[in-house]
1. Can PRO66 be described as within 21 Å of GLY208 (Cβ to Cβ) and at pLDDT below 95?
2. Filtering region 254-265 down to residues that are surrounded by fewer than 20 Cβ atoms within 10 Å (Cβ to Cβ) and hydrophobic (A, V, I, L, M, F, W, C), which residue is nearest to GLY215 (Cα to Cα)?
3. Which one is nearest to GLU125 (Cα to Cα), of the residues in region 58-110 that are in contact with a strand residue (DSSP E or B) (Cβ under 8 Å, 6 or more places away or on another chain) and not small (Gly, Ala, Ser)?
4. Mind counting the residues in region 243-278 that are acidic (Asp, Glu) and touching a strand residue (DSSP E or B) at 6+ places or on another chain (Cβ under 8 Å)?
5. From the list GLU124, GLU137, GLU106, exactly one residue is at pLDDT below 95, assigned by TED's automatic domain parsing to the domain that holds GLY11 and not in a strand (DSSP E or B). Which is it?
6. Take region 230-248 and flag every residue that is surrounded by 18 or more Cβ atoms within 10 Å (Cβ to Cβ) and either modelled with pLDDT under 95 or farther than 17 Å from ILE173 by Cα (or both).
7. Kindly provide the set of residues from region 1-36 that are among the hydroxyl-bearing types (Ser, Thr, Tyr), buried (at least 17 other Cβ atoms within 10 Å of the Cβ) and within 30 Å of GLU220 (Cα to Cα), ordered by number.
8. Please note which helices (runs of 4 or more DSSP H) are completely contained in region 1-80 and include at least 2 residues that are hydroxyl-bearing (Ser, Thr, Tyr).
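The values are calculated or read from the model by the stated rules, or taken from the named source; none is laboratory data. Remember, predicted model here, so these are calculated numbers, not experimental data. In this analysis, Cβ positions are derived from the backbone assuming ideal geometry, glycine residues included, and neighbour counts consider all displayed protein chains.
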Amino acid sequence: MSPLERMWLLGTARAEREALGRSIQYTPPEAWEMESVSPGWRNRDIVAHLAGTDIAAAALLGGEAPAELEEFFKSSDGGWSSPVDAINDFIVRRRATEPFRSIVAEWGRAVDLFLARASKLPPEEWEARSVPWVGGEIRLPYLVQSRVMEWWLHGEDILAGGGNPPRLEHPPIYCVNDLAVRLIPYGLGLAGLSFPGRSVLVDLEAVGGGTWHWGLAARESPPQGKQPDCVITGRAHAFAMVAGRRVPAEYYLAEGILLTGGDDALAETVLQHLRAFA
């Protein structure tokens, strides 16, 4: 399955940037120093994390070295394969005592530069170019999609931290779910699992919904006409929250919000290892 259509994805990314900006704007000032739903981080640290990663993403699109990550790599032997948590903690610590308004401004400049550079790429470069990213090389469409995923998921964290309700919009939730389905073989592989020749049908309804038939082993696509070995159905928002590791799959399965079919044990294994990020 090809990446999401270029203009649709760029439009979704711009809209999600604006939506996250509004979530930041309408969060009560006193909430920023409070503990967030991300363990070990204050609400303001979520914005610091986004600022650092979007600065790096914008630099890479411009063919520049991501200076902050380069500084981290000097103290780490892992380079781009360093643990994600270690990179994130480094980015957050650097901004731990900075005025919050300056962090927000830093993020805004970075994400606007990232989107401007992404939109100027010619279609042939958009399709063919890859850049180094945490976890390995990543094609440009998936880098943009992964930023939308981060903005929406962390936007939900910020909304929860400020006592605000979830924001249910189709395009960003669809981006999260589409990326999560594409990463199913990767998530299984992290646990040493692979199911060659087998596949899952994911059929999600409501906001963020869609239908995917995906192979359960790396670089495998189900042949035309193949029946899926297992099925996952239910609400798209719940699937996205599982993929973002915000809510365990068992909760939604127990509530009947997500359902499995076919080989139920295989479907539950897929959900338990579901992830929208590398």
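1. On the way: within 21 Å of GLY208 (Cβ to Cβ): no; at pLDDT below 95: yes.
When the stated conditions are applied, PRO66 does not pass them.
2. Our first condition is that a residue be surrounded by fewer than 20 Cβ atoms within 10 Å (Cβ to Cβ); within region 254-265, this holds for 254-257, 259, 261-265.
Now narrow it down to the ones that are hydrophobic (A, V, I, L, M, F, W, C): 254, 257, 259, 265.
Values: ALA254: 26, ILE257: 24, LEU259: 19, ALA265: 16 Å.
If we take residues in region 254-265 being surrounded by fewer than 20 Cβ atoms within 10 Å (Cβ to Cβ) and hydrophobic (A, V, I, L, M, F, W, C), then ALA265 is nearest to GLY215 (Cα to Cα).
3. As a first pass, look at region 58-110 and keep what is in contact with a strand residue (DSSP E or B) (Cβ under 8 Å, 6 or more places away or on another chain): 60-61, 80-81.
From what is left, the residues that are not small (Gly, Ala, Ser) are 60-61, 80.
Values: LEU60: 14, LEU61: 11, TRP80: 23 Å.
The qualifying residue nearest to GLU125 (Cα to Cα) is LEU61.
4. Going residue by residue through region 243-278, those that are acidic (Asp, Glu) are 250, 255, 263-264, 268.
Next, only the ones that are touching a strand residue (DSSP E or B) at 6+ places or on another chain (Cβ under 8 Å) stay: 263-264, 268.
Matching residues across region 243-278 total 3.
5. Numbers: GLU137 fails: not in a strand (DSSP E or B); GLU106 fails: at pLDDT below 95.
GLU124 is the lone residue from the list that is at pLDDT below 95, assigned by TED's automatic domain parsing to the domain that holds GLY11 and not in a strand (DSSP E or B).
6. CYS230, VAL231
7. Kept after step one, since they are among the hydroxyl-bearing types (Ser, Thr, Tyr), are these residues of region 1-36: 2, 12, 23, 26-27, 36.
When the remaining residues are screened for being buried (at least 17 other Cβ atoms within 10 Å of the Cβ), the result is 12, 23, 27, 36.
Residue satisfying the conditions is THR12 alone.
8. On the way: elements: 6-25, 43-61, 67-74.
It comes to 6-25.
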